[in-house]
C-alpha cells in the first residue's frame, strides 16, 4: 500500500512540474512581455499585454508610472478584442492623442474611429 501511495505522489509531482514548465514556455512564446512589445509615443510608454481569449491589451505609462489603468478590450463591440499588435498600438496612440486634446482618458474606441484607424478586428 505504501508503494502505491508513493507512486501516486511521484506521478503527481511529475505532472505538476511538467505543467508548470509547459505553461511558462507558452507564456514566453505567446506573451507580450518582452521589451520589444513596448513603444514610446508622445512621452508615454505603451506596454502590450496578451489577454487569454480577448486578444491584446495595453498599459499606458508616463514617467515609469501607470497613468491609465490596463486596457483589456477597448473595443467593446468586438467580442474577440484586439487581435493584432499593430492594432493595439494604433488604439493606444489614438487614446493618447485624445488625452492630449481633451484632457481626459478615453476608455473605449467608438466603432467609427476603429474603422478610420483600420482596426482588423472589426473589419471581419
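Points to keep in mind about this one:
- Residue among 61, 48 that is under 23 Å from residue 111 (Cβ atoms), at pLDDT 80 or above and assigned by TED's automatic domain parsing to the domain that holds residue 114: 48
- Cβ-Cβ distances below 8 Å connect the following pairs, each with a first residue in the range 58-74 that is assigned to a loop (DSSP other than H, G, I, E, B), a second residue that is surrounded by fewer than 18 Cβ atoms within 10 Å (Cβ to Cβ) and at pLDDT below 80, and a separation of six or more residues or different chains: 72/51; 72/54; 73/51; 73/54.
- Qualifying residue in the range 101-113 (condition: part of a helix (DSSP H, G or I), surrounded by 12 or more Cβ atoms within 10 Å (Cβ to Cβ), assigned by TED's automatic domain parsing to the domain that holds residue 48 and over 14 Å from the mean Cα position of the chain (by Cα)): yes
- Against the list (1) modelled with pLDDT of 85 or more; (2) surrounded by fewer than 11 Cβ atoms within 10 Å (Cβ to Cβ); (3) on the phi < 0 side of the Ramachandran plot, the condition residue 25 fails is (1).
The values are calculated or read from the model by the stated rules, or taken from the named source; none is laboratory data. What you are looking at is a predicted structure, and each value in this text was computed from that prediction instead of being measured. Positions of Cβ are generated from backbone atoms using ideal geometry, with glycine treated the same way; all protein chains shown enter the neighbour counts.
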